[in-house]
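Remarks on the structure that follows.
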Amino acid sequence: MNDLLKLSAVALRQQLQNKQCTSEEVTKAYIARIEQSRVLNAYVFDNFDKAIEQAKASDQRYAKGEALALDGLPLGIKDLFCTKDLRTTAASKILSNYVPPFESTVTQNLWNKGALCLGKLNMDEFAMGSTNQNSYWGPVISPWKKKSNPTQSLVPGGSSGGSSAAVSAHLCVAALGSDTGGSIRQPAAFCGLVGIKPTYGRCSRYGMVAFASSLDQAGPITRSVADAALILESISGYDLKDATTENKAVEQFSKNLNTNIKGLKVGVPYHLLEGLKPEIKANFEQSITWLKEAGAEVVDVTINLASYALATYYIIAPAEASSNLSRYDGLRYGVRIEGETLDDMYTRTRSDGFGEEVQRRILIGTYVLSSGFYDAYYSKAQKVRQAIKYEFKKAFESVDVICTPTTPSAAFGLDESPKDPVQMYLNDIFTVTANIAGLPAISVPSGLTSEELPLGFQIIGRHFDEQTILNAGLVIEQSAKFNLPFKEIF
Ligand code: GLN
């Protein structure tokens, strides 16, 4: 195994700068490892030739002393982001033949800074799921194993499971994911990685296949907090093509990253943590102790309506999804199954093109938006959403960040996934609130379970205050001394 693959993005950037290695060399090493790790099913489309070409161009820029912020860094991109001339399917059969004629803004921002794309990463279909078992391209396997059962395949989390498996298995230096209800933070937690969902409006959604437009945000999944800061600042910013992006200068998160959290007011909503598994609770308390030792002040906060966030999410997200997914009608692009009449063609195309979970969400969404039920469900959910936002706003008058575990459990086996969809939705219990309120939130590895599986610590911040959660995340990272193991996969 090539030691270059063990480097974080920041460390690799430094080695490239110092001419200790070339981007071509490291890119080829990643490609070789991807080829040997197909069993994980992390990549769905490769972009190897172009990546090598881009790596050579990066090496020339280094030689001339003109290197860009992410020059020569080999990344993996969730298959949700449109990449020009490179297939983009959102892991759905209905888009299985789609090759975008344009590039998403966030990926374009990465390429503009010299990063290169190794390929597209597997995911749950249309980003709906928590285990990456809903992909048309098949499930992703985590590189992690339980100590007691090293032959059992574990889920990498979802929906950005290809991203978390790839970064954790050293199949790219960092990856782009998306988070509608937790899909960056939960897979990051399951795979011992850092994942940050920025404030709604921080990054452009242009060219990102839409799931629930008022909740979706792009963000990085990385091996360190410093990497997350570097990639986040590179993709952020106002975009004329997305009216929901905030026209605000982007701070230099990586430059301003520090562990000085003296006096930081940390809120813990203890009322939401009742019933936690002892192991999760103990790990969480340990992280809280680390924050205190670094000078933070911990207070109990109450966000009463947060207990309704999951129910609210599972009304609003399907409602928006049912509307967004109406564009896949077999007429304009994607797959078409011919029928005897126009209606028949629609039915066949959509019945055949969408998987089970996506059809379930469309049905729920259509139901909650239908006349007679709209007021009882959708309109009510919107009111609860506003009330939750307001409660967070109030809470942030007395605290600077709010912390919870990222997930109620560590990763589980593919064969242990809940069969009941509602049980599965409970995975998102701690993550959805940040999407509902549009707040930034980060997950940082905070330790291992007795099965030697990683756990994540979640820090939620004020709107557009990513810097504070990154800094607090850095304290956890340094205290936990969590080292991503290098795993032999084959
Ligand atoms: N697991 C959640 C869902 O299935 C969140 C998905 C996401 O964030 N994209 O909707």
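The values are calculated or read from the model by the stated rules, or taken from the named source; none is laboratory data. Note that this is a predicted model, so its numbers are computed, not measured. Methodologically, a virtual Cβ is constructed for each residue, glycine included, from the backbone with ideal geometry; neighbour enumeration extends over all protein chains shown. Areas reflect the complete protein model, heavy atoms only, side chains present, ligands, DNA and RNA absent. Shrake-Rupley method; radii C 1.70, N 1.55, O 1.52, S 1.80 Å.
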Legend entry - Lys277 paired with Lys380, simple spin-label distance in nm, labels 7 Å along Cα-to-beta-carbon: 3.2
Inset, instruction - Sort out for me the Cα centre separation of the range 152-167 from the range 330-394, rounded to whole Å. - result: 26
Legend entry - P(r) histogram, all alpha-carbon pairs of the range 1-135 included - 5 Å bins from 0, percent: 2, 11, 19, 21, 19, 15, 9, 4, 1, 0
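Beyond 22 Å, what share of the Cα-Cα pairs of the range 232-351 is found? Please give it as a whole percent. Intermediate values should be presented prior to the final figure.
Working: 4910 of 7140 pairs.
Here the tail beyond 22 Å accounts for 69 percent of pairs.
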Inset, instruction - Place +1 on the Cβ of every Lys and Arg and -1 on the Cβ of every Asp and Glu in the chain, take the dipole about the Cα centre, and give the residue among Trp290, Asn256, Thr131 whose Cα lies farthest towards its positive end. - result: Asn256
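Rounded, prolate or oblate: which one fits the chain, using the alpha carbon gyration tensor with axes a ≥ b ≥ c (rounded when a/c is under 1.5, else prolate when a/b beats b/c, else oblate)? It would help to have the intermediate numbers written out before the result.
Details: a/c = 1.41, a/b = 1.04, b/c = 1.36.
Cα axes put the chain in the rounded bin.
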Inset, instruction - Take each of the peptides 205-213, 10-18, 237-245, 67-75, average the number of other beta-carbon atoms within 10 Å over its residues, and list them starting from the highest. - result: 67-75, 205-213, 10-18, 237-245
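Could you tell me what fraction of 2.2 N^0.38 Å the Cα radius of gyration of the range 67-117 comes to, as a two-decimal ratio?
Values: Rg = 11.8 Å, N = 51, 2.2 N^0.38 = 9.8 Å.
This ratio for the range 67-117 stands at 1.21.
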Legend entry - Rh (Kirkwood; distinct C-alpha pairs) - the range 376-420, Å: 14.0
Legend entry - Set of lysines near Lys56 by C-alpha distance (under 28 Å), chain-local residues within fewer than 8 positions excluded: Lys6, Lys19, Lys28, Lys64, Lys78, Lys84, Lys113, Lys120, Lys255
Legend entry - Tensor-based shape of the range 367-464 (alpha-carbon gyration tensor, a/c under 1.5 rounded, otherwise prolate or oblate): oblate
Inset, instruction - Could you give me the percent of Cα pairs per 10 Å distance bin for the range 13-86, shortest bin first, beginning at zero and ending with the bin that holds the maximum distance? - result: 18, 46, 29, 6
Inset, instruction - Express in nm, to one decimal, how much length is gained between Lys6 and Ser371 on full extension, taking 0.36 nm for each residue of separation and deducting their alpha carbon distance. - result: 125.9 nm
Legend entry - Computed Kirkwood radius, in angstrom, where 1/r is averaged over Cα pairs of the range 226-297: 15.4
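Once the cut-off is 24 Å, how many percent of the Cα-Cα pairs in the range 113-232 end up in the long-distance tail?
Working: 1430 of 7140 pairs.
I get 20 percent for the Cα pairs in the range 113-232 exceeding 24 Å.
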Inset, instruction - Give the accessible area for Trp111 in Å² (nearest 10); use a 1.4 Å probe, count only protein heavy atoms, and leave out ligands, DNA and RNA. - result: 50
Inset, instruction - First select every other residue whose beta carbon is under 13 angstrom from the beta carbon of Leu453; then total the charges, Lys and Arg +1, Asp and Glu -1. - result: +1
Inset, instruction - Write down the percent of antiparallel bridges among all DSSP beta bridges whose residues are both part of the range 3-156, to the nearest 5. - result: 45
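Only Cα pairs under 8 Å and at least 6 apart count here; give the relative contact order of the range 44-182 as a rounded whole percent. Display every interim value, and only then the final one.
Numbers: 293 pairs, mean separation 35.8, N = 139.
Relative contact order comes out at 26 percent.
Once you order the gyration tensor axes a ≥ b ≥ c over the Cα atoms, which shape class does the range 142-183 get: rounded for a/c under 1.5, otherwise prolate or oblate by comparing a/b with b/c?
Judged from the Cα gyration tensor, the range 142-183 comes out oblate (a/c at least 1.5, b/c at or above a/b).
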Inset, instruction - Could you name the lysines whose alpha carbon sits less than 26 Å from that of Lys383, not counting residues in the same chain fewer than 8 places away? - result: Lys197, Lys393, Lys394
Legend entry - Under 15 Å, Cβ to Cβ, from Arg348 - net charge with Lys/Arg +1 and Asp/Glu -1: -3
Inset, instruction - Can you figure out the FRET efficiency of Glu397 with Gln152, using R₀ = 41 Å and their beta-carbon distance, to the nearest 0.05? - result: 0.30
Inset, instruction - Please report, in whole Å, how far the alpha carbons of the range 96-147 spread along each principal axis, starting with the longest. - result: 42, 28, 16
Inset, instruction - Evaluate the range 341-423: find the radius of gyration of its Cα atoms, find its Kirkwood radius, and give the ratio Rg to Rh. - result: 1.13
Legend entry - Compactness index (Cα Rg / 2.2 N^0.38 Å), the range 297-339: 2.11
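When the solvent-accessible surface of protein heavy atoms is calculated with a 1.4 angstrom probe, in what order do Ser379, Ser307, Ser443, Ser371 fall, highest first?
Ser371, Ser307, Ser379, Ser443
In percent, how large is the relative contact order of the range 214-324, given Cα pairs closer than 8 Å and 6 or more residues apart? Let's see the in-between values first.
On the way: 79 pairs, mean separation 24.7, N = 111.
For the range 214-324, the relative contact order is 22 percent.
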Inset, instruction - Distance between Cα centroids, the range 464-488 to the range 175-199: provide it in whole Å. - result: 13
Legend entry - Cβ-defined net charge surrounding Val268, 13 Å radius [Lys, Arg +1; Asp, Glu -1]: -2
Legend entry - Diffusion constant of the range 402-459 at 10 °C, which comes from Stokes-Einstein with the Kirkwood Cα-pair radius and 1.306 mPa s, µm²/s: 127
Legend entry - Calculated FRET value between Ser450 and Phe486, using beta carbons and R₀ = 30 Å, to 0.05: 0.85
Inset, instruction - Just need the relative contact order of the chain here, percent rounded to a whole number, with Cα pairs under 8 Å and 6+ apart. - result: 17
